[in-house]
Amino acid sequence: MSKRTILVTGGAGFIGSNLLHLLVPKYPDYHFVNLDKLTYAGNLANLREVENASNYTFVRGDITDPQFLVELFSRFDFDSIIHLAAESHVDRSISDPMSFIMTNIVGTVNLLNAARNHWDGAFDGKRFYHVSTDEVYGSLGDTGFFVEDTAYDPRSPYSASKASSDHLVRAYYHTYNLPVVLSNCSNNYGPYQFPEKLLPLFINNIKHNKPLPVYGDGKYTRDWLWVGDHASAIDTIFHQGKTGETYNIGGNNEWKNIDLIHELCKVMDELLGRAPGTSSELITYVKDRPGHDRRYAIDATKLKEELSWEPAVQAEEGLRMMAEWYLNNEEWLEQVTSGAYQNYYEEMYGKRV
């Protein structure tokens, strides 16, 4: 198993790029092929640290194109897939559900078929790792936690599309014996996150003294997972996880949105040299979004007990590291918010979508 050729889908996105930052230098004998469509959330600037590595290759392509995948598998002869490519923003899924159905459901089926047909029953040493979300479980009350056998109850087009893809991956395991493993993670945060998501959006807004729009009463609760911890969990599950199993990945880091936002404001005031409380004055309550789940919380006991993994970063430390990263990478933030890299992509790879 020292020589492997691993397809990483969605590797130019937030989680995928952080994962490749970990894996490419850690496993020099592996060849990592990063397949990304380069939608608005895919950014090759996220991968400058590894783009020239001898064991890394980027390919632009679309998992909704089955013939392209057949040709890609023939070209690289993958023995493993880590599947992260997905449309992932709940608000966008409400306004445009079809793009989520195509990428998250049809794209996943295309990958499953490409792997099954290419491996043709020779599954020894093969692995299809599907990365998913805790949002498939629906909404919790004031108590309790999601565990691996919690019944699915998705509430948005995004979570429904991810739930569908999870079911299909498991179906291919049971029907075709495809060697799969799955994980469902809580809210990620950290470097290279596209600033449509809560924390990078608010960091950017605070910096420019813009309003901080908080849905509803702000008491929606999430478990926050540092993206570097998520990457290490994926590494652990990929190498040690049992075929056919699901592992929940959580940060042991449960916060009400409004409390987390106040903590972020406190950190930003310190880093920007502003008087305490200045950034909190930017908080503005706005109309709630449809189908907003009240609370998510992950129980990651299985991952701890079976594979000895635990998160290393808690929110107070993570918020500061994230804020410092965004403030120290103003050029990256300016590029992704202004579209300044658009001409580069079009010259190199054609028009983005």
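The values are calculated or read from the model by the stated rules, or taken from the named source; none is laboratory data. Everything numeric in this text was worked out from a predicted model, so none of it was measured. So basically every Cβ, Gly included, is an ideal-geometry build from the backbone, and we count neighbours across all protein chains shown.
Some observations on this one:
- Some residue of segment 297-312 being more than 14 Å from Cys185 (Cβ to Cβ), out of contact with any Cys (no Cβ under 7 Å at 6 or more places or on another chain), in a strand (DSSP E or B) and modelled with pLDDT under 95: no
- The listed residue being of a type in the set (A, V, I, L, M), outside any loop (DSSP other than H, G, I, E, B) and either more than 17 Å from the chain's Cα centre (by Cα) or buried (at least 21 other Cβ atoms within 10 Å of the Cβ) (or both), out of Leu178, Leu168, Leu140: Leu168
- Positions within segment 9-38 being hydroxyl-bearing (Ser, Thr, Tyr), over 11 Å from the mean Cα position of the chain (by Cα) and outside any strand (DSSP E or B), in sequence order: Tyr27
- Which numbered condition Val70 fails, given (1) surrounded by fewer than 16 Cβ atoms within 10 Å (Cβ to Cβ); (2) on the phi > 0 side of the Ramachandran plot; (3) of a type in the set (A, V, I, L, M): (2)
- Count of segment 239-292 residues, restricted to those that are touching a strand residue (DSSP E or B) at 6+ places or on another chain (Cβ under 6 Å), touching a residue at least 60 places away in the same chain (Cβ under 8 Å), not hydrophobic (A, V, I, L, M, F, W, C) and not in a loop (DSSP other than H, G, I, E, B), is 5.
- Residues that are within 16 Å of Phe238 (Cα to Cα) and aromatic (Phe, Trp, Tyr) within segment 1-46 comprise Tyr27, Tyr30, Phe32, listed in sequence order.
- Which listed residue is farther than 27 Å from Asn113 by Cβ, among the small types (Gly, Ala, Ser) and either at pLDDT below 95 or not in a helix (DSSP H, G or I) (or both), from Ala41, Ala53: Ala53
- Among the candidates Glu334, Glu281, Glu270, residue that is over 20 Å from His230 (Cβ atoms), exposed (fewer than 14 other Cβ atoms within 10 Å of the Cβ) and at pLDDT below 95: Glu334
- Subset of segment 75-120 (residues that are out of contact with any His (no Cβ under 7 Å at 6 or more places or on another chain), in contact (Cβ under 8 Å) with a residue 24 or more places away in the chain and not in a helix (DSSP H, G or I)): Asp77, Phe78, Asp79, Ser80, Ile81, Ile82, Leu84, Ala85, Ala86, Glu87, Ser88, His89
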